[in-house]
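Data first, discussion second: the structure below is written as structure tokens.
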Amino acid sequence: MEGVLVLVTGACLATVVAVAAWLVHARSPGTVTVRGAAVPAAAARRTASFRLAGVIAGLAAGAAAAGQGALGRGPLLAGPVFGLCVLAGVAAGEISVRPAAGPTRTAAVEVRRVRDYLPRGLAAAVTAAAAVLAALIAVTTVTAGPDDLGRAGRVLLLSCQAGLQQTYGPWPGSFYSVPLAAVVAAGLIAGGGALRVVIRRARTGADAAAVAADDALRRRAARTITGACGILVALPLAGVCLVSAGALLSISCHPAWWTYAGWALLALLISAVALMGWCAAVLLAPARAATAAPPAR
Amino acid sequence: MTARPLLTVDTGNPTPPYEQLRRQLAELIQSAALAPGDRLPPLRQLAADLGLAVGTVARAYRELESAGLVSSRRGGGTRVSATAPSLSDSERQQLLRSHARTFVQQATLLGADEQQILDTIAQALAT
């Protein structure tokens, strides 16, 4: 009940932010500077407002998700739920950008590609984290067993001696990994869709200054999307690393290599937390976009 | 870095938008501003940039394909054909003179004298 209340409050707040931004900034005159380019104020502020609304809704939905779900499933899904809301906010902001109106329309003969706008370092880090998460939950799913109430994929089982088994739970087996994989996959697909929206939306003008400004807006959006995907992947990765390391180091009769694996997972946990910090900074200040190549012809 | 060619569509012009697009793209290809192998913008992207329906741009691309100027491949987009006919030097000169005549006629209708026309061209070259 408390989670639903948080979700409803956050959704209302996000809606108010988005609607207010639309009304206030829809006809804002002048320009603002984004990464050195003079961007039409209306487009820049409107997209920023939708992004902020997405972050607020994501925080509320993430908090609500963390409070729901049986046996720790909720906190595991909070990151992906947050990321999905941010992606929806960014996509809505991009869709709100309209081309220059009038009977005479001009467009450049160019092919805009996703890779021209992605922040390369961050995108590589997020891709690596997603691959590590996929590999890790594949291993933990295969090695999991049922708990004492027969719930499949919830604990780690180890046969210490003949007839003696030690168990440790929670362990990220299928009980956790299946819903997690579904939500993360949905989030990454949504991220790809949001990037397509960013690339495909109309340009705000065709002259050199307008193109530079428009590219700056697109890079900002792509950076935010990458950051949201980073949170979507890094938060559950950190959770899986922490729980797995705890399990490996807690079972008393474990083989020696489990100790090394446990410490390696703790090192991975630090990397995941660092990636979360990087992504959070990107979500708060996306204008510091990485330099990317101009669209190809 | 070479300037990216621009396409302009005037919705107030009696010529249908798909024909305006087809004509401009054909000129860009024949004048080698778009070289064989160059990729044309994806349908949806160009339609969004120009505020046109996707079907309008698709029709222009189909007409160019029928004329052998471009070829479309599933997943590979639409590219300028390797066999696209290009203008000879004399045809290029003829086209340039034709465009110049059209510009001078329109400028004269606007009341511009010879010096104003030359100044305008100089300004356009400088930008």
Q.
If B:Gln24 satisfies all but one of (1) over 17 Å from A:Gly102 (Cα atoms); (2) part of a helix (DSSP H, G or I); (3) out of contact with any strand residue (DSSP E or B) (no Cβ under 6 Å at 6 or more places or on another chain); (4) within 13 Å of chain A (Cβ to nearest Cβ), what's the number of the condition it fails?
A. (3)
**Q.** Options A:Leu180, A:Leu237, A:Leu195; residue that is within 19 Å of A:Ala124 (Cβ to Cβ) and more than 14 Å from chain B (Cβ to nearest Cβ)
**A.** A:Leu237
(Q) Regarding the range B:64-76, can at least one residue be identified that is in a helix (DSSP H, G or I), over 17 Å from the mean Cα position of the chain (by Cα) and either within 24 Å of A:Arg201 (Cα to Cα) or within 14 Å of another protein chain (Cβ to nearest Cβ) (or both)? (A) no
**Q.** Given (1) at pLDDT below 90; (2) more than 14 Å from chain B (Cβ to nearest Cβ); (3) outside any loop (DSSP other than H, G, I, E, B), index of the condition A:Arg27 fails
**A.** (3)
Q: Identify, from the list A:Val197, A:Val240, A:Val211, the residue that is surrounded by 24 or more Cβ atoms within 10 Å (Cβ to Cβ) and part of a helix (DSSP H, G or I).
A: A:Val240
Q | Unmet requirement for A:Ser96, which otherwise passes all of (1) buried (at least 23 other Cβ atoms within 10 Å of the Cβ); (2) over 30 Å from A:Val155 (Cα atoms); (3) not aliphatic (A, V, I, L, M) | A | (1)
(Q) Take A:Ala202 and tell me if it is of a type in the set (A, V, I, L, M) and modelled with pLDDT of 90 or more. (A) no
Q: State the number of residues belonging to the range B:17-26 that are of a type in the set (A, V, I, L, M) and either modelled with pLDDT under 90 or surrounded by fewer than 16 Cβ atoms within 10 Å (Cβ to Cβ) (or both).
A: 0
Q. So which residues in the range A:166-194 are surrounded by 24 or more Cβ atoms within 10 Å (Cβ to Cβ) and touching a strand residue (DSSP E or B) at 6+ places or on another chain (Cβ under 6 Å), if there are any at all?
A. A:Trp171, A:Gly173
Q: Answer yes or no as to whether B:Arg79 is touching a Ser or Thr at 6+ places or on another chain (Cβ under 8 Å), within 12 Å of chain A (Cβ to nearest Cβ), modelled with pLDDT of 90 or more and surrounded by 13 or more Cβ atoms within 10 Å (Cβ to Cβ).
A: yes
Q. For the subset of the range A:87-103 comprising residues that are away from chain B (no Cβ under 14 Å) and of a type outside the set (Val, Ile, Thr), which member is nearest to A:Arg46 (Cα to Cα)?
A. A:Gly93
Q: Would you please name the residue that is surrounded by the fewest Cβ atoms within 10 Å (Cβ to Cβ), looking only at residues in the range A:138-159 that are without any contact (Cβ under 8 Å) to a residue 40 or more places away in the chain and either assigned to a helix (DSSP H, G or I) or on the phi > 0 side of the Ramachandran plot (or both)?
A: A:Gly150
Q. So which of B:Arg59, B:Arg101 is charged (D, E, K, R) and over 17 Å from A:Ala107 (Cβ atoms)?
A. B:Arg101
Q) Restricting to the range B:27-63, what's the tally of residues that are more than 8 Å from chain A (Cβ to nearest Cβ), in contact with a Leu (Cβ under 6 Å, 6 or more places away or on another chain) and either in a helix (DSSP H, G or I) or crowded, with 17+ Cβ neighbours inside 10 Å (or both)? A) 6
(Q) Condition first: surrounded by 14 or more Cβ atoms within 10 Å (Cβ to Cβ) and within 26 Å of B:Pro36 (Cβ to Cβ). Now tell me which residues in the range B:87-108 satisfy that. (A) B:Leu87, B:Arg92, B:Leu95
Q: Go through the range A:104-132 residue by residue and tally those that are away from chain B (no Cβ under 14 Å), part of a helix (DSSP H, G or I) and touching a helix residue (DSSP H, G or I) at 6+ places or on another chain (Cβ under 7 Å).
A: 7
Q: Identify, from the list A:Ala135, A:Ala57, A:Ala101, the residue that is part of a helix (DSSP H, G or I) and over 15 Å from the mean Cα position of the chain (by Cα).
A: A:Ala135
Q) Restricted to the range B:6-16, and to residues that are at the interface with chain A (Cβ under 9 Å from one of its Cβ atoms) and surrounded by fewer than 19 Cβ atoms within 10 Å (Cβ to Cβ), which residue is farthest from the chain's Cα centre (by Cα)? A) B:Gly12
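The values are calculated or read from the model by the stated rules, or taken from the named source; none is laboratory data. Just so we're clear, the structure is a prediction, and the values are computed from it rather than from any experiment. With ideal geometry, Cβ positions are generated from the backbone for all residues, glycine too; neighbour counts draw on all protein chains shown.
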